[in-house]
Amino acid sequence: MSRSKMIGKKLVSVLSSAALAASCLAFAPAAPALTAQAADYTAAEYDTSSYIFHDTFENGKGDWSARGSCSAAVSSDTKFKGSNSLFLSGRTAAWNGGQKALSSNTFVPGRSYAFSACFTNLQGPDRTEFKLTLQYNLNGEAKYDKIAQAFSYRSKFVQLYNAEYTIPAGAADLVLVVETTESTCDFYVDEIVAAPAGTKIEGPVTNVVVSEGPRIGDVDLDGKINLADFIELKRNLIRGTLSGAAKVNADVDQSGEIDNTDAELLLSYILGEISEFPEPIPQHLSMKDFTAKVQPTIVEKEPDSANQARASVAYGEIQKKSYYSTTCNRQKDVNILLPPNYDPNKTYPVMYIMHGYYEGIDRMLTKGNAEMHTREMIGNAIAEGAAKEMICVFPDVFSSPTLRACTGMDETNNQAYDNFINDLTKDLMPYIEKNYSIKTGKDNTAITGFSMGGRESLLIGMKRPDLFGYVGAICPAPGVTGSFNWSSDNSPYFLMITAGSDDRTVYDNPKTYHNNFTQNGVPHIWHYVNGGYHGDNCIRAHLYNFFRIAFQN
């Protein structure tokens, strides 16, 4: 049965003849209509006198400032209304943007308010998702709550609008934030408004999206998914009437085009045959393009603050576990660092972080040349919105079936380290998948390591690109051989090699790997740390960058 006939059969089964006739009339050629939400808003209904604040940027930035490593300035390059907008440029992370402190005397926790802001970009991606966020403090812990979120096409303004946003009870130190969900492009924001709950606030009609309610499937942008959305989608198949956010929402399977597959999925959802839409097939940049994208974000050394515990930040739990290794015929210990506020009802990507020769499972987490602060580093990155929530696994890399620990730096022990690929894939990864709530596949799995662990991460990444999408190596030991290449259809998304100028253990060996990959045309990041030795300062600098890049493609 064709998709069109299948869709028609489903409709007939649930609609009366009169309703079906009405639906068919809706498909007839007609002038494109405004969305249901937009049709309710006439110019006379926009009562600006009730606004709590209305930031137009016609006379400067007002109370707005830059957030993170970016700049905030008034610009006349583009605007939704008037002559100016606020321009946020030089952003290195999605959370970089603009911020404005809100008085808790005016914005009372537990009460609801209307918020609106109009966003666009001129030189970034074709489609960017913007976000209006409330940052606040609750019992000494920093919290971030979405007010509104929506996509915009380049050079087209989109309104992020929530008519009934409730300030969380007990919140203090309120800060309104304009940012993106993923992109680091420069962007513009205009007409930022706060008003009493329910206030109608003007915005670009064709792109209005209410955040509290469905997005994908909500074709008519009224905050609900029902037969009216199906009718709008079918009208688009006939006449191509959709644009902006409505067009985004109509692409139910997120394939990049609107077709009968979207119509069938939407109708199945409306009829209750499915309770959620299928996960979209991820669209990834090539290794070359993703490497070029993240190259400008790489820093040589991490800031001191990255390793410091902050009173307002939640940090993950370290769990010491053991699993039976069939590869080694014994129990093996492993450290597992959970993300802050780990929720077994959610799923998380996983990063494996490996130690070097003679070292153990604490080395990359807590006990290095000095005290390591890996837990604080990843916790701070997640709190900033710079890194994905992830589970970090710190394994015992030494994997001999006859020896329990390294006995010397010789070929027998080298082979025990190289045998970790079997322990990892046959024993440890299945243990993690069974006991923790994780996402699987190369999109959601990263591996990196120090010294001998760096050698192993390269070996494993080269042999199993089907499993690991993000590969790193810190001061990697010699011993990796092979083509130093991947097939074009089976490669990781990202490769990073870190080296220190003062490494007196492996010396220039990391550069040898770098040269081999370069000669074979493999895109990668060559991360050189001036003053970096064979130890903590190279490890910290590498992890600071690697945490922020993993799982972002």
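The values are calculated or read from the model by the stated rules, or taken from the named source; none is laboratory data. Computed from a prediction, not measured in an experiment: that's the story for all the values here. Methodologically, a virtual Cβ is constructed for each residue, glycine included, from the backbone with ideal geometry; neighbour enumeration extends over all protein chains shown.
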Task: Residues located in segment 320-339, provided they are of a type outside the set (Ser, Thr, Tyr), exposed (fewer than 14 other Cβ atoms within 10 Å of the Cβ) and in a strand (DSSP E or B) - done: Lys320, Arg330, Gln331
Open item on the list: Take residues that are in contact with a Ser or Thr (Cβ under 7 Å, 6 or more places away or on another chain) and within 19 Å of Glu202 (Cα to Cα) and tell me which of the strands (runs of 3 or more DSSP E) falling wholly in segment 72-121 contain 2 or more.
Closed with: 112-120
- [ ] For segment 48-69, state whether one or more residues are closer than 30 Å to Pro296 by Cβ, at pLDDT 60 or above, among the aliphatic types (A, V, I, L, M) and in contact with a Ser or Thr (Cβ under 7 Å, 6 or more places away or on another chain).
- [x] no
Open item on the list: If Phe87 meets every condition in (1) more than 19 Å from the chain's Cα centre (by Cα); (2) surrounded by fewer than 21 Cβ atoms within 10 Å (Cβ to Cβ); (3) at pLDDT 90 or above apart from one, which number is that one?
Closed with: (2)
Task: Residues of segment 332-386 satisfying the condition of being within 27 Å of Ala311 (Cβ to Cβ), modelled with pLDDT of 95 or more and of a type in the set (Asp, Glu) - done: Asp362, Glu376
Open item on the list: Under 8 Å between Cβ atoms, which residue pairs at least 6 apart in sequence (or on different chains) link something in segment 132-149 that is not assigned by TED's automatic domain parsing to the domain that holds Ala311 and modelled with pLDDT under 90 with a partner that is among the acidic types (Asp, Glu) and surrounded by 15 or more Cβ atoms within 10 Å (Cβ to Cβ)?
Closed with: Gln149/Glu129
- [ ] Identify all residues within segment 291-312 that are within 19 Å of the chain's Cα centre (by Cα) and either β-branched (Val, Ile, Thr) or in the same structural domain as Gln254 (by TED's automatic domain parsing) (or both); write none if there are none.
- [x] Thr291, Val294, Thr297, Ile298
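Every residue, every condition in (1) more than 23 Å from the chain's Cα centre (by Cα); (2) not hydroxyl-bearing (Ser, Thr, Tyr), yes or no:
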| position | (1), (2) |
| --- | --- |
| Gly482 | yes, yes |
| Ser488 | yes, no |
| Phe517 | yes, yes |
| Leu543 | no, yes |
| Phe547 | no, yes |
Open item on the list: Against the definition (more than 22 Å from Val248 (Cβ to Cβ), surrounded by fewer than 21 Cβ atoms within 10 Å (Cβ to Cβ), of a type outside the set (Asp, Glu) and touching a Cys at 6+ places or on another chain (Cβ under 8 Å)), how does Thr92 come out, yes or no?
Closed with: yes
Open item on the list: Name the residue that is farthest from Phe277 (Cα to Cα), counting only residues in segment 225-240 that are assigned to a loop (DSSP other than H, G, I, E, B) and either within 31 Å of the chain's Cα centre (by Cα) or among the basic types (Lys, Arg) (or both).
Closed with: Asn226
TODO: Evaluate segment 410-424: report whether one residue or more is in contact with a strand residue (DSSP E or B) (Cβ under 8 Å, 6 or more places away or on another chain), charged (D, E, K, R), buried (at least 19 other Cβ atoms within 10 Å of the Cβ) and closer than 18 Å to His542 by Cα.
DONE: no
- [ ] Can you tell me which residue within segment 435-457, out of those that are in contact with a Phe, Trp or Tyr (Cβ under 7 Å, 6 or more places away or on another chain) and hydrophobic (A, V, I, L, M, F, W, C), is modelled with the lowest pLDDT?
- [x] Ile438
Task: In segment 96-106, residue modelled with the lowest pLDDT [restricted to those that are over 22 Å from Ala150 (Cβ atoms) and not small (Gly, Ala, Ser)] - done: Asn105
- [ ] With the checklist (1) part of a loop (DSSP other than H, G, I, E, B); (2) free of Cβ contacts under 8 Å to residues at least 60 places away in the same chain; (3) out of contact with any Lys or Arg (no Cβ under 6 Å at 6 or more places or on another chain) in hand, flag the one item Ser49 doesn't pass.
- [x] (1)
Open item on the list: Taking the criterion of being of a type outside the set (D, E, K, R) and closer than 16 Å to Phe290 by Cβ, would at least one residue in segment 502-513 satisfy it?
Closed with: no
Open item on the list: Quick check on my filter: what residues within segment 289-313 are over 19 Å from Glu182 (Cα atoms) and not in a loop (DSSP other than H, G, I, E, B)?
Closed with: Asp304, Ser305, Ala306, Asn307
- [ ] Output the residue which, of all residues in segment 143-183 that are surrounded by 18 or more Cβ atoms within 10 Å (Cβ to Cβ) and among the small types (Gly, Ala, Ser), is farthest from Asn96 (Cα to Cα).
- [x] Ala163
Task: Single unsatisfied condition, Gln159 versus (1) modelled with pLDDT under 95; (2) in contact with a Phe, Trp or Tyr (Cβ under 7 Å, 6 or more places away or on another chain) - done: (2)
Task: Of residues in segment 276-313 being among the acidic types (Asp, Glu) and under 24 Å from Gly90 (Cα atoms), the one surrounded by the most Cβ atoms within 10 Å (Cβ to Cβ) - done: Glu302
Open item on the list: Name the single residue that is surrounded by the fewest Cβ atoms within 10 Å (Cβ to Cβ) among those in segment 426-456 being over 17 Å from Asn335 (Cβ atoms) and among the small types (Gly, Ala, Ser).
Closed with: Gly441
Task: Residues that are without any contact (Cβ under 8 Å) to a residue 60 or more places away in the chain and closer than 14 Å to Ala250 by Cα, drawn from segment 261-277 - done: Asp262, Leu265, Leu266, Tyr269, Ile270
Task: Among residues of segment 369-418, those that are among the acidic types (Asp, Glu), outside any strand (DSSP E or B) and without any contact (Cβ under 8 Å) to a residue 40 or more places away in the chain, counted - done: 2
